[in-house]
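The values are calculated or read from the model by the stated rules, or taken from the named source; none is laboratory data. As the structure is a computational prediction, the values presented were derived from the model and not from experiment. Cβ atoms come from the backbone with ideal geometry, glycine included; neighbour counts cover every protein chain shown.
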Amino acid sequence: MPRSSPPGSSARPAPLHPGAWWLWSLSLGIAATRTTNPLLLALLVVVSAYVVATCRRPTPWSHSYSAFLRLALAVLLVRLLFTVVLGSPIPGTHVLVTLPELPLPDWSQGIRLGGRLTAEALVFALYDGLKLATLLICVGAANALANPHRLLKSLPGALYELGVAVVVALTFAPHLIADVQRLRAARRLRGRPDTGVRGLLQVGLPVLEGALERSVALAAAMDARGYGRTAEVPPGVRRTTTALTLGGLLGVCAGTYGLLTAEGGTYGVPVLLAGLAAALAGLRLGGRRTPRTRYRPDRWNARSLLVAGSGAAVAAAMFLASVTDPVALHPGVVPLVAPVLPLRPAAAVLVGLLPAFLAPAPKEPS
Amino acid sequence: MIRFEDVSVTYDGACEPTVQGVDFEVPEGELVLLVGPSGVGKSTVLGAVGGLVPHFTGGTLRGRVTVAGRDTRTHKPRELADVVGTVGQDPLSHFVTDTVEDELAYGMESLGLPPAVMRRRVEETLDLLGLASLRDRPLATLSGGQQQRVAIGSVLTPHPDVLVLDEPTSALDPAAAEEVLAVLQRLVHDLGTTILMAEHRLERVVQYADQVALLPARGHAPLLGTPAEMMAVSPVCPPVVDLGRLAGWSPLPLTVRDARRRAGELRERLAGRAPTDIAPAAADGGTAPRENRAEGRTAGRLRRRTPAAPVPAHPAEVRSLSVRRAHVQALRDIDLTVRPGETVALMGRNGAGKSTLLNALVGLLEPSAGTVHVGGAQPHRTTPRDLVRRAGLVPQEPRDLLYADTVAAECRAADHDAGAAAGTCRALVDDLLPGVSDDTHPRDLSEGQRLALALAVVLTARPPLLLLDEPTRGLDYAAKARLVGLLRELAAAGHAIMLATHDVELAAELAHRVILLAEGEVIADGPAADVITSSPSFAPQVSKILAPQRWLTVAEVRKALS
């Protein structure tokens, strides 16, 4: 729809709600937990990577994606290594190699070091590791696409202080790393080697000192800018807030207990729901104590809903498929069979590409 | 607007009050400048306005401070947030959020202003401070001047009646400093904001002040008066005032313009004489440093300690050097040779590549093209142990160089690192910092003392090339004068010195040669007198007053007249 807008502002569509990105990525991650089919998992990874490549903006946190990729790879390798070294309970006939087995004392029954390595065990470990790696990559996508700070800004008012604590902690890590780099560089100026573990240890104390000083300075700056101002609320409201929050949390605990024990099947769900409602009401009422307002809050617009919805659709389709067609989603390991790409779940995964067309990152003016 | 009633502040563990008998009033809509040597409690007075002293720093405040009628004893800083905006020395430690726009809105969010008002004020402030093009930028990627402006903007948005600023221009290049000061003046004139600020670089700010509060010494009561009155008695004063005192002008001029209008007679007296340059002009031909110049105990010791054997290679030789950092071309095609005994000032706006060049010279950064040789070796391929004997860098934050918890331990470590005889560093410390005891913690030293200690640590290895990054940040005029004397002696003893600085007065006093950098390229390189007098923003005050004659410092004029 062509709309006249002042020049310069038309190029920037409103960014999506960060919650939408988190819902989309976590849905993809949940979808990944439903299957061990390597083809479907690879498809999930490709979909999330494509969306990250098209939608991420040039921000400091968007660089975290590659870190998550490396972490996922490491997890996969560790999982395989454990299978090789510790063996696996998966029975198998295709022996690839027989490693020398360490004799272990009797009390360590069930643990094995070395021994036969079968193809079945290796493939099972690969599928299993791939599932975990995909989940990690999806979380990494969320980190790269949505500013974690903005997500915390969407917390209800009563939880605001908790959110600030997390934000401060999040910005602290990069500062700490910069400090370590600067002080290691300074070691070079003193004529000491600037690499190695010893170098790192010796800068530890000055770095911590600096971190402490900075947090005190930050606390002073925040206080001077009005952080923690409270509004006067009538005592009645205050007491109601306390009663609602405490009662609600008790209700949640009791409800969960009811759900988990066999006898409490009848009262579990209603108590849990009532407790949840009371706790939420308490939070809402507690928000009155903080007079804060929000500057340009992120809104749930149609695009945000579509993005979140596309992720949810992938997760739902995968759940459905795991019920109707469990064989295709979990390709057999014993006996070994080549995995087949089930068409319908694969098509459903492609729905997850929707954000790439809905919210591509704006082109950098060159 | 701000009222101090017989205020004294004693910090915990201190035996005597840091400030005492502070009793003055800042009327609404005035810009009051707080001046005094470092360590007299300027920051304490500023902190007391916003309630950070004593609510955050601890200690005991006697007397009463009221701001817009609110007593800081009964109001915590957060309850004063709507009337007082405070910006400390380091803008980075002031930031709570991570982008420019969020930072500007943060204070208003805390105060609970309606969203429509917040949006309007953020836009207004972006325009007022010229930040509109930076609105989405992460704060960590901004230059020093931009960060300072964001920090000021972030306390402006709640429309406080009072603004408290601690050294708002010390870290800025001359142009950025003028930008910030222009904004402050606009606030005072157009919005009636009351401003109380402390600043060491008086030459930049004194002409904007309506009144000056002078803290003459630690524990002394402040004097309040017009800038001209106060400058006449102040132990710290800018060169324009110093020149006025020398020429006996009354009332003292505060601006270059005032001084120029009275300088006719002085120019005539100076007409026949040429500046007997205090520094040899080594830029063109590498004149041998004059040995007769260095006098006194320190110089003698320094000269004895300097490498006597002639260094075969130049202290620093840079050929078509380019450095890329994080996709930014920080340096482009730099050619540079530094000779023994030469003092070079690197100038240019924040982010022009000055620190990058210094870091490349000590091998902290690897050249992406071209070569760097320091005393014949490539610094980034040299082991740190070997490198400290070729080049020494005192970084912007001298504290980074100091690890130990006593001065004595620091000196022992420095002797060990440099492979020097035991006691070498301690002897240097005695020269540079007389009267500092062995068991002092480096953190308890003043800014200037810490710089001197870091300098002693670096000099322990006797590097022929000495690099200093922004050495005068946070130094008062007295500490600066000591530093200037010391660096002159070192240059006379044959050390090549290179300093990156925004301080034009320092460059004028010290440098033989000035290199101007812009966007990583050398745009001017020549004798100090030529380069800095030809640029209006880098010219020192004396040269502006006495142009077209080429005098750079008050000391030169004083010498010519005597």
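Observations
- Summed over the stretch A:108-160, residues that are more than 26 Å from B:R137 (Cα to Cα) and assigned to a helix (DSSP H, G or I) total 24.
- Flag for A:T324 being among the hydroxyl-bearing types (S, T, Y) and closer than 30 Å to A:A121 by Cβ: yes
- Matching residues in the stretch B:52-79 - criterion: being closer than 19 Å to B:G219 by Cβ, within 14 Å of chain A (Cβ to nearest Cβ) and surrounded by 19 or more Cβ atoms within 10 Å (Cβ to Cβ): B:V53, B:P54
- Residue in the stretch B:505-521 that is over 20 Å from B:P315 (Cα atoms), among the small types (G, A, S) and over 16 Å from the mean Cα position of the chain (by Cα) present: yes
- Every residue from the stretch B:98-131 that is modelled with pLDDT of 90 or more, under 31 Å from the mean Cα position of the chain (by Cα) and of a type in the set (A, V, I, L, M): B:V100, B:L104, B:A105, B:V122, B:L126
- For the stretch B:1-18, the set of residues classified as of a type in the set (S, T, Y) and either modelled with pLDDT under 90 or outside the structural domain of B:L163 (by the TED database) (or both) consists of B:Y11, B:T18, listed by residue number.
- Unique residue being of a type outside the set (S, T, Y) and not in a helix (DSSP H, G or I) when the list is A:V271, A:V237, A:V233: A:V233
- Filtered residues of the stretch A:298-327 (kept if in contact with a helix residue (DSSP H, G or I) (Cβ under 7 Å, 6 or more places away or on another chain) and within 14 Å of chain B (Cβ to nearest Cβ)): A:D298
- Counting only residues that are at the interface with another protein chain (Cβ under 10 Å from one of its Cβ atoms), in contact (Cβ under 8 Å) with a residue 60 or more places away in the chain and under 21 Å from A:R294 (Cβ atoms), the stretch B:117-159 holds 3 of them.
- The stretch A:12-54 - residue that is small (G, A, S) and surrounded by 21 or more Cβ atoms within 10 Å (Cβ to Cβ) and, of those, farthest from A:T134 (Cα to Cα): A:A20
- B:A461 vs. criteria touching a helix residue (DSSP H, G or I) at 6+ places or on another chain (Cβ under 7 Å) and modelled with pLDDT under 90: yes
- In the stretch B:405-434, the residues that are at positive phi form no Cβ pair under 8 Å with any partner that is of a type in the set (F, W, Y) and buried (at least 16 other Cβ atoms within 10 Å of the Cβ), whether six or more places apart or across chains.
- Within the set B:R385, B:R412, B:R390, B:R450, the sole residue that is among the basic types (K, R) and at the interface with another protein chain (Cβ under 10 Å from one of its Cβ atoms) turns out to be B:R385.
- Within the stretch A:29-67, the set of residues being farther than 30 Å from A:P326 by Cβ, among the small types (G, A, S) and within 17 Å of the chain's Cα centre (by Cα) comprises A:S62, A:S64, A:S66, A:A67.
Yes or no, residue by residue, for (1) farther than 22 Å from A:V168 by Cβ; (2) not β-branched (V, I, T):
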position: B:V32; (1), (2): yes, no
position: B:S38; (1), (2): yes, yes
position: B:T44; (1), (2): yes, no
position: B:V53; (1), (2): yes, no
position: B:A68; (1), (2): yes, yes
position: B:G88; (1), (2): no, yes
position: B:D102; (1), (2): no, yes
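- Applying the criterion of being within 7 Å of chain B (Cβ to nearest Cβ) and touching a residue at least 12 places away in the same chain (Cβ under 8 Å) to the residues of the stretch A:203-221, the residue that is nearest to B:R399 (Cα to Cα) is A:P206.
- Filter result (touching a residue at least 40 places away in the same chain (Cβ under 8 Å) and either at positive phi or small (G, A, S) (or both)) within the stretch A:286-308: A:G286, A:G287, A:S304, A:A308
- Taken over the stretch A:216-246, residues that are buried (at least 16 other Cβ atoms within 10 Å of the Cβ) and either of a type in the set (K, R) or farther than 15 Å from A:G287 by Cα (or both) amount to 10.
- Hits in the stretch B:10-66 - residues which are among the small types (G, A, S) and under 29 Å from B:V180 (Cα atoms): B:G29, B:G36, B:S38, B:G39, B:G41, B:S43, B:G47, B:A48, B:G50, B:G51
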